[in-house]
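The values are calculated or read from the model by the stated rules, or taken from the named source; none is laboratory data. This is a predicted model, so every value here is computed, not measured. Virtual Cβ from ideal backbone geometry, glycine too; neighbours counted across all protein chains shown.
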Amino acid sequence: MTSASPGRRTSFGVVVRADLDEALVSALGALRMRVDTDGPVALRGEFRDHAELLGALQALEALGVELVEVTQQDEPGSSESDRGRDVG
């Protein structure tokens with residue numbers, strides 16, 4: 001994560017392989033889920049810093065979720081893995 005001005009949040013896309021439900025994703029706080037029936041689950045979140053991002057990734061791993069990809073998003077909707085419909 002690049003150094004950002006105080007208070008600025010950086011958006012990340014997280015692609016996972018798991019059966020996630022809306023309640024589980026809501027419990028993770030910073031992440032929103034997008035569902036595409038043709039592939040893995042895409043999550044998106046905005047984080048204050050690297051530590052907050054790592055905390056979310058560790059929470060997913062602790063739940064047994066397989067991480068496939070983590071990418072920094074330049075603009076909302078800029079990722080191929082961000083296609084689908086919003087849930088939550």
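Would a scan of segment 20-28 turn up a residue that is in contact with an Asp or Glu (Cβ under 7 Å, 6 or more places away or on another chain) and either assigned to a helix (DSSP H, G or I) or at pLDDT 75 or above (or both)? No: zero hits. Just name the residue that is modelled with the lowest pLDDT out of those in segment 47-88 that are in a strand (DSSP E or B) and loosely packed, with under 12 Cβ neighbours inside 10 Å. Looking at the filtered set, the residue picked out is Arg85. Among the residues of segment 29-46, those identified as charged (D, E, K, R) and in a loop (DSSP other than H, G, I, E, B) are Asp36, Asp38. Scan segment 10-19 for residues that are in contact (Cβ under 8 Å) with a residue 24 or more places away in the chain, loosely packed, with under 13 Cβ neighbours inside 10 Å and assigned to a loop (DSSP other than H, G, I, E, B) and the total you get is 0.
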